[in-house]
Amino acid sequence: MRTPDDSAVDLDADQAVSMQQAVQPKRTASAHCVRYVVVCSLIWLSGLAACSFDEEQPAAAPNTCSLPTDCATDLSCQAGVCVTPAVDTPLAVTLEVTPKRMPDGSQPFPILYGPFSLQGGRRDFPLGVPTMITGVVRDGAEPINAQLTFVPTKAPQTLAKPVQTRSSVSQLRSTFSVQLLAGIEYRVMVQPIESMVPPYVKVFTADPSEPLNIDYGDIPRVTQSFLIRNVPTIPVGQKLNIRARSKETGQVLSNTQPVGDGRPLLAFAFDTLPSFRVEIAPEQSNALNLSFTTGDEDDCDATRPLVPTFTIDDSAFKREVSTSVKATNGFDLAVDLPSMPQPIAYEGSIQLCEAKKGTENLLVSMRSSALALNSLPQGISASFSVSTSATRESNTTQSFCARVMPGEYVVLVTPPAAVNCEIFAQKRQIVTASEEPDLLELRVPAKLNGKILDSEMLPMANATIDAVALGIDTTMMLAENDLTVPIYNRSRQTSSRSNGAFEFYVDVGVYDLIVKPPAQSGFAWQIQPGLNVGGSRIEDFTTRVELSAPALIEGNLRYMDGSGKGTLAGAEVHAYTVEDEKTPNARGVEIGHTQADENGNVVLFVSPEPQPPW
């Protein structure tokens, strides 16, 4: 799950309010309506007046109750909080439960339960039973060293947590052990370390009485020889590798081999050769971490070969009769790689939006989406990426120079946490060396501010507000001439002050806004998905977000076989729902968090449904 990063921009220290501030006394029943309001304003810092949140007001009272009469007539007093008694929304909830310890004393790991609806009242939460699965990976009598990744097949894909382990070769055996959940179906992906053994995928149900033995001697395999012509020169100490991936999923289908003399051999764990695309790339992926110093022509004009990554569809290969002993089926799949243009120098100047003494040298990354190649054969594409360190010229200016291959790039500069500037991520056509350095201006970020109030318009202090960056590619909120690529935005977090006000600065991009009232307030987290922050906004943006009474999730944690009951005391419980399900932007969003009591009982308040998009 994606969470706010450590580089969050918080309020100034003199604006912060101690998280230990006492909760205000409870209101009388007549005033007890369970709602709070978030009033937000999103502006560009261009001198425009924002809403004023400085007026001192009485603090919001907690949404708690002792008697039914403490709540409004349409609400119910349950677990000491006024809640919505009947919920008919289609919200599907999945719990992630992490015990403090496992029944067998092994390392705790998260266990998923769900999805389930909010209907039905109190329930049990029967959890899968942790169990140790052992096995071996071999090829007949030969042990195989491999990386194994286990993913539950029935859990929501956006919430499924992969479990990784590694087989260990000793005494002519390659054994592994991994803790999984008994009776749960998993997909295990085996990635051998050996060069001529292909990856393999197997679906199985975890059963401690049945070892998981993977014998490549029983797995169908097919090999294919390739003939790669016009192989580019590569830097000393590097290798050019080849492997095949699925066209549909991008999953690796073959072993990885050096291109070498242009006659690599790939192995696939299939009866016949599957549909695939080939990736030919330098061993260090294709992102070289090089350092250049502006003014030193030997750096920008160096003769080190630049090598792109080639992606080749299987339709671009031609079958040619082979005399190579590697060609077990009598033919090679042949292709001619396109000739590469000469590298060019790309020079630039970085302008920070604010002066900051002691700012470290910034890292500049260039990531191509398409290289400018003449007569590129159909089914073949090439890309190139490079990173370089800029040189500090002043408190606001840095410069850099890097050699790139001509093409279309995204140029990325990430300011450090101490510099309140927007991340720079813009498209650039770099096809010829420019006489003037390219100016990369890091803008003042958008300011997201607001105030958290209850239904009596009283402020709520000490609420945590998260803006979770989604990295969604959208230009909906960008000006026509804005070249920003909004997928590199960073998450942010802050908290509300004593007057309920909050503020933080965010990059252009899409966010899930999550408001977390204090734990003892009796209010649930408020989720506002898909907040689109654009760079073209020039006017105040204000909205009202209302939260109705929370819904109650209540029940008891237990293992399906009744074992280890005591180990669930104090378990961490996180609740998630899936936003934008069945779309490319599907994601799990955390909607609540609590701890089980000493008996494994769970009491968790959640908002019955997320707020509509901003």
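Restricting to the stretch 338-390, give me the number of residues that are in a loop (DSSP other than H, G, I, E, B) and β-branched (Val, Ile, Thr).
Qualifying residue count for the region: 1.
In the stretch 579-603, how many are surrounded by fewer than 19 Cβ atoms within 10 Å (Cβ to Cβ), in contact with a Ser or Thr (Cβ under 7 Å, 6 or more places away or on another chain) and part of a strand (DSSP E or B)?
1
Per-residue answers, yes or no, for (1) under 35 Å from the mean Cα position of the chain (by Cα); (2) at pLDDT below 95:
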site: Ser209; (1), (2): no, yes
site: Gly217; (1), (2): no, yes
site: Ile234; (1), (2): yes, yes
site: Gly237; (1), (2): yes, yes
site: Gln251; (1), (2): yes, yes
site: Ser254; (1), (2): yes, no
site: Gly260; (1), (2): no, yes
site: Arg263; (1), (2): no, yes
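Being modelled with pLDDT of 90 or more, among the polar types (S, T, N, Q) and touching a His at 6+ places or on another chain (Cβ under 9 Å) narrows it down to one residue among Thr149, Thr98; which is it?
Only one candidate passes the filter, namely Thr98.
Counting only residues that are more than 16 Å from Arg443 (Cα to Cα) and among the acidic types (Asp, Glu), how many does the stretch 348-362 have?
Qualifying residue count for the region: 1.
Residue under question is Asn462, and the condition is that it be touching a residue at least 40 places away in the same chain (Cβ under 8 Å), among the polar types (S, T, N, Q) and closer than 30 Å to Arg403 by Cβ; does it hold?
Against the criterion (touching a residue at least 40 places away in the same chain (Cβ under 8 Å), among the polar types (S, T, N, Q) and closer than 30 Å to Arg403 by Cβ), Asn462 does not qualify.
Quick check on this structure: which one of Thr432, Thr397, Thr388 is surrounded by fewer than 19 Cβ atoms within 10 Å (Cβ to Cβ), among the β-branched types (Val, Ile, Thr) and touching a Ser or Thr at 6+ places or on another chain (Cβ under 7 Å)?
Only one candidate passes the filter, namely Thr397.
Listed here are the residues, each with its yes/no results for (1) at pLDDT 90 or above; (2) farther than 30 Å from Trp525 by Cα; (3) not assigned by TED's automatic domain parsing to the domain that holds Pro58.
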| residue | (1), (2), (3) |
| --- | --- |
| Ser369 | no, yes, yes |
| Ser387 | yes, yes, yes |
| Cys401 | yes, yes, yes |
| Val410 | yes, yes, yes |
| Val413 | yes, yes, yes |
| Glu422 | yes, no, yes |
| Ala425 | yes, yes, yes |
| Ser434 | no, yes, yes |
| Asp454 | no, no, no |
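Residue pairs, Cβ under 8 Å, 6 or more apart or interchain, first in the stretch 58-73 and without any contact (Cβ under 8 Å) to a residue 60 or more places away in the chain, second loosely packed, with under 11 Cβ neighbours inside 10 Å and not basic (Lys, Arg). List them.
Correct list of pairs: empty, since none qualify.
Quick check on Ala461: is it in a loop (DSSP other than H, G, I, E, B) and farther than 18 Å from Glu422 by Cβ?
Taking the combined requirement at face value, the residue satisfies it.
The values are calculated or read from the model by the stated rules, or taken from the named source; none is laboratory data. The shown structure was predicted, so the numbers you read here are calculated from the model rather than taken from an experiment. So basically every Cβ, Gly included, is an ideal-geometry build from the backbone, and we count neighbours across all protein chains shown.
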